[in-house]
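The values are calculated or read from the model by the stated rules, or taken from the named source; none is laboratory data. The structure presented is a predicted model; accordingly, all values stated were derived computationally and were not measured. Don't worry about glycine lacking a Cβ; one is built from the backbone with ideal geometry, like all the others, and counts go over all protein chains shown. Please note that ligands, DNA and RNA were not included when accessible areas were found on the heavy atoms of the full protein model with its side chains. Shrake-Rupley method; radii C 1.70, N 1.55, O 1.52, S 1.80 Å.
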2 protein chains.
Amino acid sequence: MSGISDVARLAGVSKSTASRALSGSGYVSEKTRAKVQKVAASLGYVPSTNAASLVTGRTRNVGVVIPYLHRWFFAEVLEGVQSALLERGLDLTLYDASPGTEARRRIFEDFLARKRFDGLIAVGLEPEDHELEQLLRIGRPVVSVVGSGPATTVIGIDDDDAARRATQHLIALGHRQIAFVGGGSSRWASVDRRRLTGYRSAMAEAGLTELASHIPSEVTLPGGYAAAVDLLGASPTRPTAIVAVCDEVAIGAIIAARRLGIRVPSDLSVVGIDDHEYAEMFALTTLRQIPREQGRAAVALLEAQLDDPASGPTQVASTARLIVRASTGPVDDRHSVMQSDPRPGIDHVM
Amino acid sequence: MSGISDVARLAGVSKSTASRALSGSGYVSEKTRAKVQKVAASLGYVPSTNAASLVTGRTRNVGVVIPYLHRWFFAEVLEGVQSALLERGLDLTLYDASPGTEARRRIFEDFLARKRFDGLIAVGLEPEDHELEQLLRIGRPVVSVVGSGPATTVIGIDDDDAARRATQHLIALGHRQIAFVGGGSSRWASVDRRRLTGYRSAMAEAGLTELASHIPSEVTLPGGYAAAVDLLGASPTRPTAIVAVCDEVAIGAIIAARRLGIRVPSDLSVVGIDDHEYAEMFALTTLRQIPREQGRAAVALLEAQLDDPASGPTQVASTARLIVRASTGPVDDRHSVMQSDPRPGIDHVM
């Protein structure tokens, strides 16, 4: 079996250079790295990473703590993280469990304490759960994607601003009876709470505080559907427009409206936040974020912290873009999405 | 800092017993394990897993190779695998990349060759890609969830049978113009191909071979929507019923039908395979599988192989159950889902 000495000799470099080139830690020119890797491949040499990590203290592994995979945002973030780690030759250890579960508790008490990673990416962490505190005690760099407080680097969108502009878009179309649907049905996610705050501030700025109302729902497509069936089916003074906490809730509301014979947008306007993969199919007006890019940015920021542990936490909040499609219209408009061409139309971006 | 000797002394066991209790490898009674873990926790002792794996040759880590996270089936399988691994104290290293991509190629050529896992779970692997061959060369146990051939243990449902019974359900309701929608738009997944075969055999058994037709589509909700818009909008001889390759395609077809003013089920019956989390919301008749359980079963079978490396591969194919909801009805029925109570009704299971 070939060893690192054989690789070094054939590549014409020192053993330590060959080792750095293959482990990915420490600086080696791209040209040298390529040459060493080619020689290693030709010899069938694979470095023992367990031994390497004992020596260097680097595991070449990043842990990802995430609450769900079955919601679009979280799956997209994870795919972004995965693709960025693969490009860097780093492994991804997944710690996926819903908040409040025994599995979640074990992740924080047992699994993370093993420190089998150089750093952590935490998605949707809520500071009040003391989980952030537990993470920081581990003594490895942490980057958060949405959710947690100023103690770590946090990536996300300006949620307050996104919901405010969604609401202002409806107010500009003449709507006054605007309900905010989603969040607060069981535990609050801080991102959902910030969106509710943004909606309320836009309503207040327009003198509509009295008309503001929050309809709690699970933050899922069926959750939005169930809340909208109750909201739209029962009330004699039903809203003319809905700001949904995210696109999944917005799409659930559109499906409920169609089932109830309520036309979108002539009888009801709906705006979401996300630009979900189904948004175009439902002609949904929304505030666009790109969670896959947030996942990739989290890896880049974690890498920067690993290279310079003295660097302090930063906050990255990008601005969501309003994408106007056919689910929103003037309050008295008589055209219906139900009667239009079902092929997705051309969007215009504002 | 406390060491393993301190833990052993305070727990009243030998060092090797304490080590086994904390590493999770080798047999220790539950009572002893609990006592040792309690003592270790009280001392703040965390075993060095890098050192442990060099000695034992066990990494306490399982690799999961998966093509997508944004499809329901795959996210559910992964959550099942994760929950079963957490219960066993095992880490999950994720290798997620779409077939045909450069990232996918690197996973198979570079990442898996490092062997940073005791065994692998491969989801949706297609034998013709030679990926299975590459996995087997690594020399670690492999369990497949759907997809690959008889060289590894495979878990899944009897896909042929599920699609055959979906088709027979429609034939029993009097349908003859039944189209199969989904799969074959780019690369074929073998699971989708087996479902098409099941549909064709049911059509043939009923003497309807001449009427059988396959409409290719991406195996996603928007893919089913786009295919159904073309199928239902254009054809003067449109089918009275659709067998969809999976629930996401079925739901896309139902959304398309509603947009086109085609009533489900009076004008069009739709049946899927999955029992997706949205199935109830769309009152979708479907063949139920439980991918989360398949993920958990994969971990149990992998564990059995790790304990007894001599055990040969096994094939586990469970039978999907027909769940009849309101998306299927007699070919000439005049009732429409559009007019019914939008609250999910009571299902009956056959």
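The alpha-carbon atoms of segment B:185-335 define a convex hull whose volume equals 136 cubic angstrom per residue.
Seen from residue B:317, the other residues with C-beta closer than 12 Å to its C-beta sum to a net charge of -3, counting Lys and Arg as +1 and Asp and Glu as -1. Seen against the Cα atoms of chain B and their longest principal axis, helix B:291-307 is set at about 40 degrees.
Can you work out the accessible area per residue across chain B, with the rest of the protein chains kept in place, probe 1.4 Å, in square angstrom?
40
Which of the aspartates and glutamates could a cross-linker bridge to residue B:38, judged by Cα under 13 Å and excluding same-chain residues fewer than eight apart? Correct list for residue B:38: A:109, A:110, B:6, B:30.
Largest mean-square fluctuation among A:236, A:222, A:150, in a Gaussian network model of chain A whose springs join Cα atoms under 10 Å apart, belongs to A:236. Sorted shortest first, the distances from the residue A:139 label point to those of the same residue in the other copies are 3.6 nm; each point sits 7 Å from Cα along Cα-to-Cβ.
Rg of the Cα atoms in chain A, relative to 2.2 N^0.38 Å, amounts to 1.21. For segment B:182-288, GluC sites (Glu not before Pro) are listed when DSSP marks them as loop and at most 15 other Cβ atoms sit within 10 Å of their Cβ; the list is B:277.
Would you mind calculating the relative contact order of chain A from Cα pairs under 8 angstrom and at least 6 residues apart, reporting the percent as a whole number?
Details: 684 pairs, mean separation 55.6, N = 350.
Across chain A, relative contact order equals 16 percent.
Scaling the Cα radius of gyration of segment B:129-204 by the globular reference 2.2 N^0.38 Å produces a ratio of 1.39. In the elastic network of chain A, a GNM with C-alpha springs shorter than 10 Å, the most mobile of A:272, A:252, A:183 is A:252.
For segment A:149-246, the spread of Cα positions along the three principal axes, ordered from largest to smallest, is 47, 30, 18 Å. Each other copy holds its own label point for residue A:209; taking that point as 7 Å from Cα along Cα to Cβ, the gaps run 7.6 nm, nearest first.
The same position residue B:310 in the other copies lies at 6.1 nm from this copy, comparing label points 7 Å beyond Cα toward the beta-carbon, shortest first.
Within the protein assembly as shown, antiparallel bridges make up roughly 15 percent of the DSSP beta bridges whose residues both belong there. Taking every DSSP beta bridge that has both ends in chain A, the antiparallel portion is near 15%. Could you pull out every one of the lysines with an alpha carbon less than 17 Å from that of residue A:31, ignoring same-chain neighbours closer than 8 positions? Once the sequence-local lysines are set aside, what remains near residue A:31 is A:15. Please compute the net charge surrounding residue A:119, taking Lys and Arg as +1 and Asp and Glu as -1 over other residues with Cβ under 13 Å from its Cβ. Surrounding charge for residue A:119 is +1. Per-residue mean of foreign Cβ neighbours for B:251-263 is 3 (Cβ atoms of other chains, 10 Å radius). Shape descriptor for the protein assembly as shown: Rg over Rh equals 1.00 (Cα atoms; Rh from the Kirkwood inverse mean 1/r). For chain B, the longest principal axis of the C-alpha atoms and the axis of helix B:221-234 are separated by about 10°. Model label sites at residue A:210 and residue B:134, defined 7 Å from Cα along the beta-carbon direction, differ in position by 6.7 nm.
Give the percent of DSSP beta bridges with both residues in segment B:190-343 that are antiparallel, rounded to the nearest 5. Beta bridges within segment B:190-343, antiparallel portion: roughly 35 percent. Computed from Cα atoms, the angle from the helix A:190-205 axis to the main principal axis of chain A rounds to 40 degrees.
The helix-based estimate of mean residue ellipticity at 222 nm for chain B, built from -39,500 (n - 2.57) per DSSP H run of four or more residues and divided by its residue count, is -12500 deg cm²/dmol to the nearest 500. Excluding ligands, DNA and RNA and using a 1.4 Å probe, chains B and A jointly bury around 5300 Å² of accessible surface, summed across both partners.
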